[in-house]
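Below you'll find the structure, written out as structure tokens, and then a few comments.
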Amino acid sequence: MPSEISRDRLPFQEQIDFFRGKLNLPTAHWDDILKSAHDRAFIVAGAQSADLLQDLRTAVDGALTKGKSIQWFREQFDATVAKNGWSYVGERDWRTRVIYNTNMATSYAAGRYKQLQHFEYWRYKHNDSVIHPRPLHVSWDGLVLPKNDPWWQTHFPPNGWGCRCRAIAATPAEYRGTGKHTAPDDGTYEKVDRYGVRHVIPNGIDYGWDYAPGARASDTGESLMADKLVRWEPKLRDAVLKWLADEVRAAALKSLVGK
């Protein structure tokens with residue numbers, strides 16, 4: 001697969017709004033929050049200092065909104081690491097690639113998810129430029145389903161690390177004419193996480209990616225915690241409480257402005 005997300009996709013307002021609507025959440029591990037909780041929280045695994053996390057967020061925001069390359073982002077990353085004295089885990093090029101690609105891909109998908117609400121049918125589109133395509137992703141290419149089909153809630157792309165598939169609008173005629181308009185049942189597999197929790201995940205989807213980016217962007221942190229998408233671990237407790245307090249404060253200010 002390509003080592004980085006192509007910059008031929010210019011940022012658009014829904015994509016930018018999605019990213020800027022997140023709240024910073026310090027975490028120790030990338031799966032301290034799961035699936036749709038990423039719609040509301042900006043995290044970088046191991047970044048637990050508020051200043052460090054904000055600096056990383058500023059770098060990602062600049063890369064996203066200004067259409068900057070991964071090389072530019074790496075320069076900002078290096079400066080942030082030096083400024084904050086961060087001893088991160090993993091090799092530098094790999095860490096920057098994961099942070100850059102994941103935020104570019106999920107923000108794009110979330111923006112598209114919002115745009116696609118205006119269309120009744122969606123088509124799954126595989127990116128044929130990948131070097132090592134996933135067989136199931138290839139098999140889903142051309143599949144057209146109604147937007148409210150439950151399949152999209154677990155299979156809306158991207159569906160894993162490095163996945164470059166996407167969803168596009170389709171017409172009713174395409175839905176009737178493709179012959180591929182029944183959600184496939186490709187089976188599931190199980191993943192036991194670090195906490196001993198067992199997850200049942202559709203085949204072809206990486207652990208933690210079985211959700212539709214942007215579908216719960218308006219949910220509160222409290223609702224995501226209730227769905228066990230945010231770990232209530234001792235190290236995260238203060239950060240999560242601040243997250244909830246920020247939401248309450250923002251809602252109160254919005255109410256006052258509206259009066």
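The values are calculated or read from the model by the stated rules, or taken from the named source; none is laboratory data. Only a predicted model underlies this, so the values are computations on that prediction, with no experimental measurement involved. Note that each Cβ is placed from the backbone with ideal geometry, even for glycine, and that neighbours are counted across all protein chains shown.
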Seminar exercise, completed: Of (1) of a type outside the set (D, E, K, R); (2) surrounded by fewer than 14 Cβ atoms within 10 Å (Cβ to Cβ); (3) in contact (Cβ under 8 Å) with a residue 12 or more places away in the chain, GLY46 fails just (2)
Problem set entry | Tabulated pairs, segment 119-147, first touching a residue at least 60 places away in the same chain (Cβ under 8 Å), second among the basic types (Lys, Arg), C-beta under 8 angstrom, 6+ apart or interchain | SER129/ARG164; VAL130/ARG164
Exercise. From the residues in segment 56-79 that are crowded, with 21+ Cβ neighbours inside 10 Å and more than 21 Å from ALA217 (Cβ to Cβ), which one is farthest from the chain's Cα centre (by Cα)?
Worked result: PHE77
Exercise. Within segment 131-164, restricting attention to residues that are of a type outside the set (Phe, Trp, Tyr), part of a loop (DSSP other than H, G, I, E, B) and touching a Ser or Thr at 6+ places or on another chain (Cβ under 9 Å), which residue is modelled with the lowest pLDDT?
Worked result: GLY162
For this session: Give ALA217, ALA226, ALA167, ALA250 a once-over and let me know the one that is at pLDDT below 95, within 29 Å of LEU116 (Cα to Cα) and under 18 Å from the mean Cα position of the chain (by Cα).
Result: ALA217
For this session: Name the residue, out of THR96, THR154, that is free of Cβ contacts under 8 Å to residues at least 40 places away in the same chain and hydroxyl-bearing (Ser, Thr, Tyr).
Result: THR96
Exercise. Is there a residue in segment 170-187 that is among the basic types (Lys, Arg) and either surrounded by 18 or more Cβ atoms within 10 Å (Cβ to Cβ) or in contact (Cβ under 8 Å) with a residue 12 or more places away in the chain (or both)?
Worked result: yes
For this session: Could you grab me the full set of residues in segment 166-221 that are more than 26 Å from TRP30 (Cα to Cα) and hydroxyl-bearing (Ser, Thr, Tyr)?
Result: THR171, TYR175, THR178, THR182
Problem set entry | Scan of segment 111-126 for residues that are in contact with a Cys (Cβ under 8 Å, 6 or more places away or on another chain) and in a loop (DSSP other than H, G, I, E, B), ordered by number | HIS126
